[in-house]
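The structure under discussion appears below in the form of structure tokens.
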Amino acid sequence: MKKIVGLVLTASLTLGLAGCGGGSNDSNSSSASGDSAGKSGDTRTIKFAALETAYGADVWKQVAASFEKLNPDVKVDLTIDKKIEDVIGPSMKSGEFPDIVHLAVGQPKGLTETFIKDNNLTDLTDVLSMTVPGESATVKEKLIPGFTDTTITNPYGDGKTYLMPTFYSPCGLFYNADLFAQKGWGVPKTWDEMWALGDKAKAEGIALFSYPTTGYFDAFFYALLNEVGGPEFFTKVMNYTEGIWQTPEANQALDLVVKLASYTEKTVPANGNKDNFTKNQQLILDNKALFMPNGTWVVGEMSKAPRAEGFKWGFTALPAITEGGDQYSYTFFEQMWIPAKAQNADLAKQFIAYLYSDEAASIFAQAGAVQPIKEMSSKLDGDNKLFYSIYDHGAKAAMGAFATTDPVEGVSISDAVFGTVDSLVTGAKTKEQWVEAITKASDALRPALKK
Amino acid sequence: MKHTKGRGRFIFFCLSPAIALFVIFLIIPTIDVFRMSLYKWGGYTDDKTFVGMQNFSKLFQSDKFYQAMQNSILLIVIVSIITFAFALLFASMLTREKLIGQNFYRVVFYIPNILSVVVISAIFSAIYDPNNGLLNAFLNLFQGAGSEPILWLGDQKIVIFSLAGAMIWQAIGYYMVMYMASMANIPESLYESADLEGASRTQQFFTITIPLIWTNIRTTLTFFIISTINMSFLFVTAMTGGGPDGATEVILNYMYKEAYTNSSYGYGMAIGVVVFLFSFALAAVLNAVTKREHLEF
């Protein structure tokens with residue numbers, strides 16, 4: 001018996017060893033064949049990383065597939081995630097970079113800003129003069145003018161484009177058009193009309209204003225600054241010009257926001273964080289507040305939320321300062337960029353150029369993502385047609401953001417300007433404290449401006 | 001002679017893997033944090049500038065740093081004291097008293113510890129909701145439905161305490177189980193003789209239970225400090241994001257914001273160094289003041 005057991009054990013051991021040997025042989029041969037295939041076919045891979053937004057991840061898969069069809073020897077390796085910074089961050093720290101990153105400035109983690117501040121981007125100016133693959137026009141010819149002249153796309157003010165504009169969205173005030181029709185209220189054209197409406201609504205137990213989080217004040221503020229002082233004043237503010245926050249124009253803008261804070265639904269600051277902000281948006285759907293600053297993505301974001309009967313999205317630019325004055329709507333757009341250390345920058349540029357083709361644009365448009373391509377807005381339907389035609393109805397477009405600086409430790413201009421709005425609503429801070437905080441941050445950032 | 005040499009070598013070889021791991025994964029990263037705090041660095045480039053103690057001098061002039069530090073210390077104090085009191089009380093009730101469904105309570109108290117912080121935050125966000133929240137609805141029973149809602153997460157004076165409430169709820173079970181484990185070791189005879197001599201339940205608790213689990217209590221005090229610093233970051237991130245307007249910004253939150261959002265990795269590491277030294281110092285002080293003669297049963 002013992003002998004038999006011994007024999008079986010020995011046999012199984014031998015077999016096991018042979019199996020291992022065979023396995024290693026197999027893997028050797030397969031890796032060798034893999035190598036040869038790589039050389040003969042010369043397939044190149046672009047590593048593309050994108051933040052998954054309201055438009056979803058599928059749209060990228062479709063676009064990548066159609067690009068691969070056009071370029072059979074290129075493979076697009078997609079990494080799409082809602083927390084893309086956390087996914088690609090660690091490998092980037094160890095020196096391995098994606099070829100393209102689709103991530104806008106203004107995200108909470110500020111990854112894009114970090115790359116800008118570190119001069120860690122590839123110059124994309126030549127992409128503008130590239131011909132869109134499969135078409136005859138160049139990228140520049142297809143783009144709506146102005147989008148590549150902003151402080152966001154050309155962060156160093158040297159006329160060179162480092163970030164390419166992708167999806168854009170007009171930002172303004174959203175409201176329930178049906179409620180306005182029911183009550184016979186007109187959409188205010190000036191701030192004075194706005195306050196009058198606020199008092200009327202208050203009598204009916206409806207607040208004038210709500211905001212998702214204070215972060216949404218960026219678009220609001222940029223448009224407001226354009227209204228009070230025009231584009232030139234706006235540019236000065238964005239470049240931290242000395243004493244700019246003490247000018248009458250700035251004072252007027254701040255006063256308006258302070259007054260607006262007093263008309264804001266009281267529970268808004270309690271839900272003004274990234275987990276509960278939809279409750280603040282819900283106030284509009286439930287007819288508990290009239291206006292909120294937002295972008296066109298809100299329609300998709302709230303598509304499954306319950307709403308008042310007959311609810312219909314309405315969208316307007318900010319009211320003008322005076323009768324007949326300019327009304328502004330901020331244009332939010334996302335960007336993509338190539339890290340300076342990307343392996344396949346040339347191929348990545350091809351892919352970027354392709355994203356502006358009609359073929360790609362129509363795939364994006366199906367998901368509700370609209371690119372700044374000429375005549376794109378006329379091809380839209382439904383709510384999007386209303387939103388994107390805002391500039392056809394007299395509103396002026398505001399673009400840009402606070403200028404990029406070298407990192408200044410402990411100073412955040414957006415915390416100072418936008419974050420404080422919560423405290424204005426709760427009454428924890430006064431206008432004077434606000435101005436002081438902004439001035440301090442602005443003064444600290446001025447010497448660090450990128451030259 | 002030869003024998004001891006061989007033994008020394010044996011011990012060396014047995015210990016070296018552990019020591020190597022300890023050095024690689026603990027000592028070197030810690031030293032690295034200290035080293036990085038002396039540089040100005042964005043985090044993703046090779047472009048590091050040595051700036052000496054500049055990060056620290058900026059840190060000690062920053063209002064935001066003091067605000068975050070204040071919030072952290074407040075949380076450490078409140079959460080530690082209240083959790084400590086409740087955990088001790090519940091532990092002694094569950095070990096000393098004859099309650100129906102003891103095991104059930106033990107499990108129920110421990111459940112929050114198994115839940116992820118994100119889930120707990122979602123639960124408490126619902127409880128604290130100003131309009132439909134459990135807490136305000138409950139208060140309305142006494143005040144009438146028309147009264148102004150309390151903004152548990154919106155009022156800058158209250159919000160930090162709301163956060164502490166969630167943290168305490170989460171922590172009690174863990175410490176309770178720890179105290180119960182050491183209370184179970186106390187010989188029953190001590191309580192019997194105390195009973196015979198006429199000591200009340202309260203007297204027994206303070207003169208028998210507490211002195212005999214004192215070593216355990218001292219250990220948990222250090223845990224309180226470390227876990228409150230860490231957990232407050234998770235709770236703030238999941239519940240308020242530091243808002244409204246920085247009212248719940250805690251120190252690790254501030255560090256994260258500076259290191260990543262504000263592209264000041266070196267400055268972030270300087271905050272890390274301060275947190276490291278602070279928690280070490282606090283633990284050492286607590287250890288020193290709670291030193292008692294070791295009692296054995």
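The values are calculated or read from the model by the stated rules, or taken from the named source; none is laboratory data. The structure presented is a predicted model; accordingly, all values stated were derived computationally and were not measured. Don't worry about glycine lacking a Cβ; one is built from the backbone with ideal geometry, like all the others, and counts go over all protein chains shown.
For this structure, a couple of remarks:
- For the residues A:Lys47, A:Lys117, A:Lys61, the requirement of being among the basic types (Lys, Arg), in the same structural domain as A:Ala369 (by TED's automatic domain parsing), surrounded by 15 or more Cβ atoms within 10 Å (Cβ to Cβ) and at pLDDT 90 or above singles out A:Lys47.
- Apart from one condition, B:Ile172 fits all of (1) touching a Ser or Thr at 6+ places or on another chain (Cβ under 9 Å); (2) of a type in the set (Val, Ile, Thr); (3) not in a helix (DSSP H, G or I); the exception is (3).
- The set of residues in region B:247-265 that are within 12 Å of B:Met69 (Cα to Cα) and either facing another protein chain (nearest Cβ under 9 Å) or over 17 Å from the mean Cα position of the chain (by Cα) (or both) comprises B:Ala247, B:Tyr254, B:Met255.
- Qualifying residue in region A:63-72 (condition: over 27 Å from B:Thr261 (Cα atoms), within 21 Å of the chain's Cα centre (by Cα) and either of a type in the set (Gly, Ala, Ser) or within 14 Å of another protein chain (Cβ to nearest Cβ) (or both)): yes
- The sole residue among B:Leu134, B:Leu151 that is under 30 Å from A:Asn276 (Cα atoms), within 14 Å of chain A (Cβ to nearest Cβ) and aliphatic (A, V, I, L, M) is B:Leu151.
- Positions within region B:39-58 being facing another protein chain (nearest Cβ under 7 Å) and surrounded by 15 or more Cβ atoms within 10 Å (Cβ to Cβ), in sequence order: B:Gly42, B:Gly43, B:Tyr44, B:Thr45, B:Asn55, B:Lys58
- One residue from A:Lys385, A:Lys379, A:Lys396 being surrounded by fewer than 20 Cβ atoms within 10 Å (Cβ to Cβ) and touching a residue at least 24 places away in the same chain (Cβ under 8 Å): A:Lys396
- Only one of the numbered conditions (1) out of contact with any strand residue (DSSP E or B) (no Cβ under 7 Å at 6 or more places or on another chain); (2) within 27 Å of A:Thr151 (Cβ to Cβ) is violated by A:Tyr222, and that is (1).
- Selection of first residues in region B:262-278 that are farther than 24 Å from A:Gly106 by Cβ and of second residues that are of a type in the set (Lys, Arg) and assigned to a helix (DSSP H, G or I), restricted to Cβ pairs under 9 Å at least 6 apart or on distinct chains, gives the following pairs, ordered by first then second residue: B:Met269/B:Arg35; B:Ala270/B:Lys58.
A quick yes/no check of all residues on (1) surrounded by 20 or more Cβ atoms within 10 Å (Cβ to Cβ); (2) away from every other protein chain (no Cβ under 14 Å):
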| residue | (1), (2) |
| --- | --- |
| B:Asp195 | no, yes |
| B:Arg201 | no, yes |
| B:Arg218 | no, yes |
| B:Phe224 | yes, yes |
| B:Thr237 | yes, no |
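- Residues that are of a type in the set (A, V, I, L, M, F, W, C) and under 21 Å from A:Glu227 (Cα atoms) were ranked within region A:172-191; the one that is surrounded by the fewest Cβ atoms within 10 Å (Cβ to Cβ) is A:Val187.
- Region A:401-430: number of residues that are in contact (Cβ under 8 Å) with a residue 24 or more places away in the chain, of a type in the set (A, V, I, L, M) and facing another protein chain (nearest Cβ under 9 Å): 5
Yes/no per residue for (1) among the hydrophobic types (A, V, I, L, M, F, W, C); (2) outside any loop (DSSP other than H, G, I, E, B); (3) touching a helix residue (DSSP H, G or I) at 6+ places or on another chain (Cβ under 6 Å); (4) crowded, with 20+ Cβ neighbours inside 10 Å:
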{"residue": "A:Ala403", "(1), (2), (3), (4)": "yes, no, yes, yes"}
{"residue": "A:Glu409", "(1), (2), (3), (4)": "no, no, yes, yes"}
{"residue": "A:Val417", "(1), (2), (3), (4)": "yes, yes, yes, yes"}
{"residue": "A:Ser423", "(1), (2), (3), (4)": "no, yes, no, yes"}
{"residue": "A:Ala428", "(1), (2), (3), (4)": "yes, no, no, no"}
{"residue": "A:Trp434", "(1), (2), (3), (4)": "yes, yes, no, yes"}
{"residue": "A:Lys440", "(1), (2), (3), (4)": "no, yes, no, no"}
{"residue": "A:Asp443", "(1), (2), (3), (4)": "no, yes, no, no"}
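- Residue match in region A:314-321 (condition: within 23 Å of the chain's Cα centre (by Cα), part of a strand (DSSP E or B), assigned by TED's automatic domain parsing to the domain that holds A:Asp99 and not charged (D, E, K, R)): no
- Identity of the residue in region A:107-134, more than 16 Å from the chain's Cα centre (by Cα) and of a type in the set (Gly, Ala, Ser), that ends up farthest from A:Glu68 (Cα to Cα): A:Ser129
- Put simply, of B:Gln70, B:Gln61 the only residue that is outside any helix (DSSP H, G or I) and either over 29 Å from B:Gln156 (Cβ atoms) or of a type in the set (S, T, N, Q) (or both) is B:Gln61.
- Condition broken by B:Gly144, with the remaining ones in (1) surrounded by 14 or more Cβ atoms within 10 Å (Cβ to Cβ); (2) at positive phi satisfied: (1)
- The set of residues in region A:129-154 that are crowded, with 17+ Cβ neighbours inside 10 Å and not in a loop (DSSP other than H, G, I, E, B) comprises A:Val139, A:Lys142, A:Leu143.
- Counted residues, region A:266-311 - those being in contact with a helix residue (DSSP H, G or I) (Cβ under 8 Å, 6 or more places away or on another chain), at the interface with chain B (Cβ under 10 Å from one of its Cβ atoms) and closer than 24 Å to A:Pro170 by Cβ: 4
- Just one residue in the set A:Pro108, A:Pro90 is exposed (fewer than 14 other Cβ atoms within 10 Å of the Cβ), touching a Ser or Thr at 6+ places or on another chain (Cβ under 8 Å) and within 14 Å of chain B (Cβ to nearest Cβ); that residue is A:Pro108.
- Region A:350-396, residues that are under 28 Å from A:Lys117 (Cβ atoms) and either in a helix (DSSP H, G or I) or over 17 Å from the mean Cα position of the chain (by Cα) (or both): A:Gln350, A:Phe351, A:Ile352, A:Ala353, A:Leu355, A:Tyr356
- When residues of region A:120-139 are limited to those that are touching a Leu at 6+ places or on another chain (Cβ under 7 Å) and at pLDDT below 90, the one nearest to the other protein chains (Cβ to nearest Cβ): A:Pro133
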